[in-house]
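Engineer: I'd like to ask some things about the structure below.
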Amino acid sequence: MNNSNSERIKAFLLDNIVVILFLGIAIFGITASGGGITGNYTVYFISFFSELIERVFRNSFLVISLMIPVIAGLGLNFGIVIGAIAAQSVILLLRYHQFYLEMSGIAEFLLALLLSLPLAILFGWLTGKLYNKVRGQEMIAGMIVSYFAAGVYNLVFLFIVGYVIEVDKLNPIIAPANLEGLAVGVRMTVDMGVMTGAIDNIIRIPFMFFIMICAITMACYIVFTQVRKFNRDRKVLLSPLCALVFITAIVVWNGLGSMNRVAAVLGFLGVAAQMCFLLYFTFRHKRENPDYTVQNKASLSFNCVLCSGMMLWAVYNIIMNTFMMRVRQAPFATALLFAVLFIFLSYIMKTKLGQDFRAVGQSQHIAEVSGINVKRTRIIATIFSTVLAAWGMVIFLQNMGTLTTYDSHRHVGFFSVAAILVGGASTSRANLRNVITGLILFHAMTIVTPDIARIFFGDTPGVAEYLRSFMVYGVIGLALGLYVWKTLKASQSQNSL
Amino acid sequence: MSTNLLSFKNITKNYSGNTVLKNVNIDIRSGEIHALVGENGAGKSTLMNILFGMPVIHSTGGFEGVMELDGKAVDIKSPFQAMDMGVGMVHQEFMLIPGFTVTENIKINREITRDTGLNKVTKKIFGSRIQTLDRPAMSADAVKALETMEIGIEEFTVVKGMPVGHMQFVEIAREIDKTNIRLLVLDEPTAVLTESEAETLIHAMRNLAKKGISIIFISHRLDEITAASDRVTVLRDGELIITKDTKDTNVIELAELMVGRGVSIDRVIADRAGSGDVILTIKDLHVAMPGERVSGVDLEVRKGEILGIGGLAGQGKLGIANGLIGLYQAKGEVVFDGKPLPLGNARNALSSGIAYVSEDRKGVGLLLEEPIELNIAFTSMQIHNKFLQSIGPFRFYHAQSIRANARQMIEDLDIRCTSALQPVGRLSGGNQQKVCVARALTQKPRLLFVSEPTRGIDIGAKKLILDLLLKLADQGMTIVMTSSELAELRSICDRIAIICEGKVAGILKPDAPAADFGLMMSGAADLVKEETTFPHVIPPDSFAVGADFGNLGTEGGAE
Amino acid sequence: MDTVEKSTFSLKSLVSRINVPTLIVLVFWIFIMILGVINNVSLTSMITDSIGRFGALGILSLAMVPSIQSGTGPNFALPIGMVCGLLGMVCAIQFGFTSWGWLIISILLSVVFACIIGYGYGILMNAVKGSEMTIATYTGWAFVWLFSMLWVILPFTDLRLRLPLGQGLRQDIQLAGINARNILTNSLSFDINGIFIPTGMILFFFLCCFLVWMFMRSKKGIAITAGGTNPMFAGAAGLHVNRNRIYAGMLSMVLGAVGTVIYAQHFGFIQLYLFPMMFAFIAVAAVMIGGATVRRANITHVIVGVLIFQGLSANMAPVANAMFPGTDIPEALRTIVQNGIILYALMHAKGGGGK
């Protein structure tokens, strides 16, 4: 515990090297781009944030689905591709029948979630069983099994549909008949039809309003975690209640009309109220228990500054009605769904099951000796992940609007893993902070790569894609390699003199 | 005080023909601290495995005899069943999750969950695993358990980074916290503790005993046993030697009982005329071998002698040879044959004429899937470039000479096999050991380290191996033999160094009284009489091995 | 150490050594061939294709032997070696070599590149012991993408290499232009009843097998195998286990590079950019089908596995086209077989003796 400050900083840098690297890349990309093709920073930022907000929520469920297997010690679950395959199968089925049924978009969306659940549970169970057989090599096995599953999926939708199962040749998702008059397999791309934007477009709110809501939510989260750590003060429930009132007010205000300044004031008051709560509770604890200290001052103050900053940024832009108000509106309903999932996962981690995930993740041996059913726990973790990935894929596709039948699922695993790693997760540590940081940083990086590619390689087509993929695979290799190397070194130093 | 909580009645256990426990009867009274003493292989751990119904017992055909708890015969099939009956164990290796807090570790898999509000609903749908944890209640329990021991550990500390002594207390607290705990087994609990922590622990044990919890206390430190226990049982070679009230005995008697006075040693008196020159000098050797850490050994080996290295398991005796050879990180000053020997890579030691037979035959000693001939030739091929033929700049495996050498060794050492091409994994333990020795001999070493040469092989083969070592010594080879079996060390060695807690406790004559061996192993070397020991460092006026020992014990044994 | 196993050869050990997946895939292959014959696919062309692919892809699978034997596991970073091969070939064209000169210089250059890169790869694998397979895969892929960018900007000037318009190298570089198409494939070749035997290429493959076999019998080779099967044993015998793993990694990369040259001359063009991406899995699956595990592989596994797996891959397409015209199932089936066998090997990794 007598680490000097410089050592602590060194350790912090080493722990967060991937995050720092990608933050650097994103900032470099933005500054060096010179405002993109148009050369106009206003236009550039508008398109940057519009893209970012879409991509973050498009991928949110997929990335968060990786969290539980990491906690349960399975490493990064490359097998989420299987969840994506489950979702795609269900969507193809729905698209096929939708031609005749004509459901509404949201109904089809919900049905897709519902139907992919049992399929994803089944697939997750099988994957979990496999992982139990290849303990220690889950990641490579997950990758291989997703290729395997993709092979089976291709076989089914290229061949069995049409040859074995008879289908309606005129259905728009079935490939047009070939020379011999046989309609075999599903088309290469399938339009999502009414499902496009089924949830994204329910409520959209201006980007800056959304930032304000984020600031309020985050402030509330700070209050909640700070207070809950030390006692069970019922008054703390006032904090989310208050946040809820302000958020609803902002959303309603947005729906009513264009009185932007009122919304800005509401946002300011919302965050300010939470800060008052924070001061009140801290003061109260101090009075009741003189030994009370804030456990992690650095992280608390960082969070406070961050959420105040977000709030001020939003208030400024709204009141001044700057160009940022022209950023694409944020999909509020998807965000809400993500928040619900966020709360649900936090709840799960507080249960006995969550505790077992953690115990198994840290030491399978000790968990086993303590009587925890390790294999079963690992299978449950895999099922969680696969189901969330399946739902994530449904959300992904409703945002994209088209399903590339034989391609959409392929990169899901790698891109999600890269995202969570960019957020600072490792094979044994992942939390919600990693998920959110990763979503933002990784997608910022993917947006700026064409600009970086242009700086280095000129306007050659395709190079941006090469650079992006190089970064994706490179970051996975780098982050995993660094982690293994650190673990090996730690175990060596444990066995040294 | 006098009611028996647990009785072992006529317990006998065989492992594939090897009797490891013979007709053992022990009663553990309620609320007593019962010490269990014995060398390695005396049967302590087998007895505990039986008590906890470990799978290793049931997969090897169970045991004979009865265990009675509260006077009723019980049949314990798994550790969890033992736990249910109120029997808990604190293992030598910690069963703690480093990233968890003290509370979380104490309550692992026995977490308290809430049963109100939303949890009522979720329980109905998903079962009790989806109930939230009641952390305040868990903390309260943890605090209670820790307070029983009167040790100031905060329940919200994360275990990682705690002093090892505290981890030990957390382990015990976890067992105490089990509501129905009645019998607690502590296996070498003081090994990792500082002196003051050990005192606190003994104090805590007394507190627990007062509350009616019985404790089985396994320790190699006899002084602690006499200080802490009410009664003591000595096991030797699977037999119950005695159960006595601690106040009626003392450290010397226990040491003697542990090692065994009556054992006759078939000592072959070999008047080996060693030159007396020092061939190997070890100064302040430290070896980071997990579980067998060496911390500061000074030792000298003389040309032509057989030096024995003994001691209890985990005390570091195995670390010496392993560190010298370079299998584990080591530091210290070693001079072999007048030249300093750099540590850290086996190549240095092997190429300078040292050979090594590992105690871990299957893990380190052999390539199990490869044939005998390759196993025998391997080290000589790699280190001394023998058995190779050169084609251009490359050197290839020379089948004929390898085969010839293997045939010679098979004949010399009487290795029972179908051919030199048989994979060694298919040989019996004794023959595998001979293959290891054959590889060492093929290197034509001047100094041979053998560790646990007779572990896991049958009696006939044991004798063959020991005879072989004697023969080699007669031919002038210097041998350092490390063994857990004192009798075997005493039967062939010229001097026996006893290692305790990573250091040389003393060097004894093979015919020194049993009690002296016991005392040295148990960290009570200061009670050993001087005339039975050798000095660590040989006086400059060297002497012949096998000469009169009597004049030598001038510098005393222990450090 | 296959040498030694061979000497204990007996019928009993042969039976016990044939493993189930080998048999299943073999039966499947024969089944496909029978289906082909029934559906009027020419048997001779099927056999010709099988032999061609066997010769063209054999060395890539051979690359797995040193890396598996050294304990690093299958070389999932094979694309790195293949990129070295591509670089060697492209450089040889740039330097103006044609025909046999091109082939020899390509091989020499790619060996040099592969040695350098393989050394770095070996160091990396030592740093990440225990997770070699996953990290190797990603390093390999990242390397392919990196070179995809480099193919665009590297200053090659030969017009046979460059895109006619725009920047960068061509996707496919025709070898016919430098008289190197099928140069090894056609040498010493002959026909038997319409079955084309590419003697030169097959002989070259067997020569490589022989050299690797000899190497694994040499002092260094035996040391590498010992370090792979039991690192503690090797350490106790004074071997530098980590250094030997690096040598094995270099050899594996060299074989990958040479294998790429042979592959390119057989098919008649050099494919740049994403071509090497998935070859590691193909090469690994072949040795696994031959009976290798992630801990143990020998030349027999390579020869048997490559013959069966590449034969199957070569024959599935024409047979499927004859039976189900207009579908794309051979690729799907190959993916299933290929990844199924790797999964099987991973699941049985622990039974193989390693930790």
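The values are calculated or read from the model by the stated rules, or taken from the named source; none is laboratory data. Note that the structure is a prediction, hence the values are computed from the model and not measured. Don't worry about glycine lacking a Cβ; one is built from the backbone with ideal geometry, like all the others, and counts go over all protein chains shown. Note: accessible area is taken over every heavy atom of the protein model, side chains too, but ligands, DNA and RNA are not part of it. Shrake-Rupley method; radii C 1.70, N 1.55, O 1.52, S 1.80 Å.
Engineer: Kindly evaluate A:ARG454 against the criterion of being of a type outside the set (Val, Ile, Thr), part of a loop (DSSP other than H, G, I, E, B) and open to solvent by 50 Å² or more (accessible area, probe 1.4 Å). Show your work before the answer.
Structural biologist: Numbers: of a type outside the set (Val, Ile, Thr): yes; part of a loop (DSSP other than H, G, I, E, B): no; open to solvent by 50 Å² or more (accessible area, probe 1.4 Å): yes.
For A:ARG454, the condition - of a type outside the set (Val, Ile, Thr), part of a loop (DSSP other than H, G, I, E, B) and open to solvent by 50 Å² or more (accessible area, probe 1.4 Å) - is not met.
Engineer: Testing B:CYS436 on (1) in a helix (DSSP H, G or I); (2) farther than 30 Å from B:TYR15 by Cβ; (3) in contact with a strand residue (DSSP E or B) (Cβ under 6 Å, 6 or more places away or on another chain), one condition comes back false. Which one is that?
Structural biologist: Going through (1) in a helix (DSSP H, G or I); (2) farther than 30 Å from B:TYR15 by Cβ; (3) in contact with a strand residue (DSSP E or B) (Cβ under 6 Å, 6 or more places away or on another chain) one by one, B:CYS436 breaks only (2).
Engineer: Going through region C:328-339 one residue at a time, which ones are open to solvent by 20 Å² or more (accessible area, probe 1.4 Å) and either of a type in the set (Val, Ile, Thr) or within 30 Å of C:GLY130 (Cβ to Cβ) (or both)?
Structural biologist: Of everything in region C:328-339, those that are open to solvent by 20 Å² or more (accessible area, probe 1.4 Å) and either of a type in the set (Val, Ile, Thr) or within 30 Å of C:GLY130 (Cβ to Cβ) (or both) turn out to be C:THR335, C:ILE336, C:VAL337.
Engineer: Moving on. Looking at the structure I just gave you, is A:LEU480 of a type outside the set (Phe, Trp, Tyr) and within 14 Å of chain C (Cβ to nearest Cβ)?
Structural biologist: Details: of a type outside the set (Phe, Trp, Tyr): yes; within 14 Å of chain C (Cβ to nearest Cβ): yes.
It is true that A:LEU480 is of a type outside the set (Phe, Trp, Tyr) and within 14 Å of chain C (Cβ to nearest Cβ).
Engineer: Mind checking which pairs have a first residue in region C:308-327 that is buried (at least 20 other Cβ atoms within 10 Å of the Cβ) and a second that is in a helix (DSSP H, G or I) and polar (S, T, N, Q), Cβ under 6 Å, 6 or more apart or different chains?
Structural biologist: Correct list of pairs: C:GLY311/C:SER50; C:ALA314/C:SER50.
Engineer: Right, here's the next one. Check every one of the strands (runs of 3 or more DSSP E) wholly within region B:33-88 and list those with 1 or more residues that are of a type in the set (Asp, Glu). Don't jump to the end; show me each part of the working.
Structural biologist: Details: elements: B:33-37, B:64-69, B:72-74.
The strands (runs of 3 or more DSSP E) meeting that bar are B:64-69.
Engineer: Being more than 17 Å from B:VAL20 (Cα to Cα) and loosely packed, with under 13 Cβ neighbours inside 10 Å is the filter; apply it to region B:45-76 and report the residue that is nearest to the other protein chains (Cβ to nearest Cβ).
Structural biologist: Only one residue fits best here, namely B:ASP75.
Engineer: Quick check: anything in region C:83-90 touching a strand residue (DSSP E or B) at 6+ places or on another chain (Cβ under 6 Å) and crowded, with 21+ Cβ neighbours inside 10 Å? So that I can check it myself, show each step before the final result.
Structural biologist: So in region C:83-90, the residues touching a strand residue (DSSP E or B) at 6+ places or on another chain (Cβ under 6 Å) come out as C:89.
So of that shortlist, the ones also crowded, with 21+ Cβ neighbours inside 10 Å come out as C:89.
Yes, region C:83-90 contains at least one residue that is touching a strand residue (DSSP E or B) at 6+ places or on another chain (Cβ under 6 Å) and crowded, with 21+ Cβ neighbours inside 10 Å.
Engineer: I want to confirm something. Restricting to region C:128-148 and keeping residues that are part of a helix (DSSP H, G or I) and open to solvent by 30 Å² or more (accessible area, probe 1.4 Å), which single residue is farthest from the other protein chains (Cβ to nearest Cβ)?
Structural biologist: Filtering region C:128-148 for residues part of a helix (DSSP H, G or I) gives C:132-148.
Those left that are additionally open to solvent by 30 Å² or more (accessible area, probe 1.4 Å): C:139, C:143, C:146.
On the way: C:THR139: 5, C:PHE143: 9, C:LEU146: 5 Å.
This residue is C:PHE143.
Engineer: Check off (1) surrounded by fewer than 24 Cβ atoms within 10 Å (Cβ to Cβ); (2) more than 14 Å from every other protein chain (Cβ to nearest Cβ); (3) part of a helix (DSSP H, G or I) for A:ARG328 and give me the number that stays unchecked.
Structural biologist: It fails just one condition, (3).
Engineer: Right, next: Taking into account only those residues within region B:320-346 that are more than 14 Å from chain C (Cβ to nearest Cβ) and within 28 Å of B:ASP467 (Cβ to Cβ), which is modelled with the highest pLDDT? Can you show your working first?
Structural biologist: In the first step, residues of region B:320-346 are kept if they are more than 14 Å from chain C (Cβ to nearest Cβ); the result is B:320, B:331-340.
If we keep only those that are within 28 Å of B:ASP467 (Cβ to Cβ) too, we end up with B:320, B:336-337.
Values: B:ILE320: 92, B:PHE336: 89, B:ASP337: 86.
Checked region B:320-346; the qualifying residue modelled with the highest pLDDT is B:ILE320.
Engineer: Please determine whether any residue of region A:251-265 is surrounded by 15 or more Cβ atoms within 10 Å (Cβ to Cβ), of a type in the set (Val, Ile, Thr), under 25 Å from the mean Cα position of the chain (by Cα) and at pLDDT below 85.
Structural biologist: Checked against the condition, which is being surrounded by 15 or more Cβ atoms within 10 Å (Cβ to Cβ), of a type in the set (Val, Ile, Thr), under 25 Å from the mean Cα position of the chain (by Cα) and at pLDDT below 85, region A:251-265 yields at least one hit.
Engineer: Out of A:ALA464, A:ALA490, A:ALA479, I need the residue that is aliphatic (A, V, I, L, M) and buried (at least 21 other Cβ atoms within 10 Å of the Cβ). Which one?
Structural biologist: On the way: A:ALA464 fails: buried (at least 21 other Cβ atoms within 10 Å of the Cβ); A:ALA490 fails: buried (at least 21 other Cβ atoms within 10 Å of the Cβ).
Residue meeting the stated conditions: A:ALA479.
Engineer: Here's a follow-up. For B:PHE394, state whether it is within 11 Å of chain C (Cβ to nearest Cβ), open to solvent by 10 Å² or more (accessible area, probe 1.4 Å), without any contact (Cβ under 8 Å) to a residue 12 or more places away in the chain and not aliphatic (A, V, I, L, M).
Structural biologist: On the way: within 11 Å of chain C (Cβ to nearest Cβ): yes; open to solvent by 10 Å² or more (accessible area, probe 1.4 Å): yes; without any contact (Cβ under 8 Å) to a residue 12 or more places away in the chain: yes; not aliphatic (A, V, I, L, M): yes.
Considered against the rule, which asks whether it is within 11 Å of chain C (Cβ to nearest Cβ), open to solvent by 10 Å² or more (accessible area, probe 1.4 Å), without any contact (Cβ under 8 Å) to a residue 12 or more places away in the chain and not aliphatic (A, V, I, L, M), B:PHE394 comes out as yes.
Engineer: Let me ask something else about it. Inspect region A:185-196 for any residue being surrounded by fewer than 19 Cβ atoms within 10 Å (Cβ to Cβ), away from chain C (no Cβ under 14 Å) and hydroxyl-bearing (Ser, Thr, Tyr) and give the result as yes or no.
Structural biologist: Within region A:185-196, one or more residues are surrounded by fewer than 19 Cβ atoms within 10 Å (Cβ to Cβ), away from chain C (no Cβ under 14 Å) and hydroxyl-bearing (Ser, Thr, Tyr).
Engineer: Within region C:263-304, how many residues are part of a helix (DSSP H, G or I) and open to solvent by less than 10 Å² (accessible area, probe 1.4 Å)?
Structural biologist: Filtering region C:263-304 for residues part of a helix (DSSP H, G or I) gives C:263-267, C:279-289, C:299-304.
Pick out the ones that are also open to solvent by less than 10 Å² (accessible area, probe 1.4 Å) and you get C:264-265, C:280-281, C:283-289, C:302.
Qualifying residue count for the region: 12.
Engineer: Mind checking whether some residue in region C:192-200 is at negative phi, exposed (fewer than 13 other Cβ atoms within 10 Å of the Cβ) and in a strand (DSSP E or B)? Spell out the reasoning first.
Structural biologist: Step one: filter region C:192-200 for residues at negative phi, giving C:192, C:195-200.
In the following step, the residues that additionally are exposed (fewer than 13 other Cβ atoms within 10 Å of the Cβ) were identified as C:192.
After this cut, where a residue has to be in a strand (DSSP E or B) as well, the list is C:192.
Yes; the residues of region C:192-200 include at least one that is at negative phi, exposed (fewer than 13 other Cβ atoms within 10 Å of the Cβ) and in a strand (DSSP E or B).
Engineer: Report the residue count in region A:95-112 for those that are in contact (Cβ under 8 Å) with a residue 40 or more places away in the chain, in a helix (DSSP H, G or I) and not hydroxyl-bearing (Ser, Thr, Tyr). Can you show your working first?
Structural biologist: Let us first name the residues in region A:95-112 that are in contact (Cβ under 8 Å) with a residue 40 or more places away in the chain, namely A:95-96, A:98-99, A:103-106, A:108-109, A:112.
Now narrow it down to the ones that are in a helix (DSSP H, G or I): A:95-96, A:98-99, A:105-106, A:108-109, A:112.
From what is left, the residues that are not hydroxyl-bearing (Ser, Thr, Tyr) are A:95, A:98-99, A:105-106, A:108-109, A:112.
Of the residues in that region, 8 qualify.
Engineer: Further question on the same structure: If you go through region A:108-156 one residue at a time, how many are more than 9 Å from every other protein chain (Cβ to nearest Cβ) and of a type in the set (Lys, Arg)?
Structural biologist: 1
Engineer: Continuing with this model, one more query. Could you list all residues from region B:4-32 that are at pLDDT 80 or above and in a loop (DSSP other than H, G, I, E, B)?
Structural biologist: B:SER30, B:GLY31, B:GLU32
Engineer: What tally of residues in region B:167-211 results from selecting those that are over 23 Å from the mean Cα position of the chain (by Cα) and either of a type in the set (Lys, Arg) or open to solvent by 50 Å² or more (accessible area, probe 1.4 Å) (or both)?
Structural biologist: Summing the residues that are over 23 Å from the mean Cα position of the chain (by Cα) and either of a type in the set (Lys, Arg) or open to solvent by 50 Å² or more (accessible area, probe 1.4 Å) (or both) in region B:167-211 gives 11.
Engineer: Right, another one. With (1) surrounded by fewer than 22 Cβ atoms within 10 Å (Cβ to Cβ); (2) of a type outside the set (Ser, Thr, Tyr); (3) over 29 Å from A:ALA418 (Cα atoms) as the list, and C:LEU62 as the residue in question, which single condition is left unmet?
Structural biologist: It fails just one condition, (1).
Engineer: Please enumerate the residues belonging to region A:349-367 that are more than 7 Å from chain B (Cβ to nearest Cβ) and among the β-branched types (Val, Ile, Thr).
Structural biologist: Applying the first criterion (more than 7 Å from chain B (Cβ to nearest Cβ)) to region A:349-367 yields A:349, A:354, A:356-358, A:360-361, A:364-365, A:367.
Residue satisfying the conditions is A:VAL360 alone.
Engineer: Follow-up. Within region A:368-412, can you find the residues that are small (Gly, Ala, Ser) and within 14 Å of chain B (Cβ to nearest Cβ)? Let's see the steps before the verdict.
Structural biologist: Within region A:368-412, the first condition is being small (Gly, Ala, Ser), and the residues that meet it are A:370-371, A:381, A:385, A:389-390, A:392, A:401, A:408.
Those that are small (Gly, Ala, Ser) and within 14 Å of chain B (Cβ to nearest Cβ): A:SER370, A:GLY371, A:ALA381.
Engineer: Separate question: Taking the condition of being farther than 15 Å from C:GLN167 by Cα and more than 9 Å from chain C (Cβ to nearest Cβ), how many residues in region A:456-477 meet it? Show your work before the answer.
Structural biologist: If we filter region A:456-477 for residues that are farther than 15 Å from C:GLN167 by Cα, which is where we start, we get A:465, A:467-477.
So of that shortlist, the ones also more than 9 Å from chain C (Cβ to nearest Cβ) come out as none.
Result for region A:456-477: 0.
Engineer: Can you tell which of C:ALA237, C:ALA286, C:ALA297 is within 13 Å of the chain's Cα centre (by Cα) and either within 14 Å of another protein chain (Cβ to nearest Cβ) or modelled with pLDDT of 90 or more (or both)?
Structural biologist: Values: C:ALA237 fails: within 13 Å of the chain's Cα centre (by Cα); C:ALA297 fails: within 13 Å of the chain's Cα centre (by Cα).
The conditions single out C:ALA286.
Engineer: Mind checking which residues of region B:350-365 are more than 21 Å from B:GLU485 (Cα to Cα), more than 7 Å from chain C (Cβ to nearest Cβ) and open to solvent by less than 10 Å² (accessible area, probe 1.4 Å)?
Structural biologist: Within region B:350-365, B:ILE354, B:ALA355 meet the criteria.
Engineer: Given the condition touching a residue at least 60 places away in the same chain (Cβ under 8 Å), among the hydrophobic types (A, V, I, L, M, F, W, C) and on the phi < 0 side of the Ramachandran plot, answer yes or no: does some residue in region B:415-425 qualify?
Structural biologist: No - not one qualifying residue is present in region B:415-425.
Engineer: Now a separate question. Would you confirm whether any residue within region B:494-508 is at pLDDT 50 or above, touching a strand residue (DSSP E or B) at 6+ places or on another chain (Cβ under 6 Å) and part of a loop (DSSP other than H, G, I, E, B)?
Structural biologist: Checked region B:494-508: at least one residue is at pLDDT 50 or above, touching a strand residue (DSSP E or B) at 6+ places or on another chain (Cβ under 6 Å) and part of a loop (DSSP other than H, G, I, E, B).
Engineer: Moving on to the next point. Given the criteria within 30 Å of C:LEU150 (Cβ to Cβ) and either crowded, with 20+ Cβ neighbours inside 10 Å or within 22 Å of the chain's Cα centre (by Cα) (or both), does C:ALA176 qualify? Break it down stepwise before answering.
Structural biologist: On the way: within 30 Å of C:LEU150 (Cβ to Cβ): yes; either crowded, with 20+ Cβ neighbours inside 10 Å or within 22 Å of the chain's Cα centre (by Cα) (or both): no.
For C:ALA176, the condition - within 30 Å of C:LEU150 (Cβ to Cβ) and either crowded, with 20+ Cβ neighbours inside 10 Å or within 22 Å of the chain's Cα centre (by Cα) (or both) - is not met.
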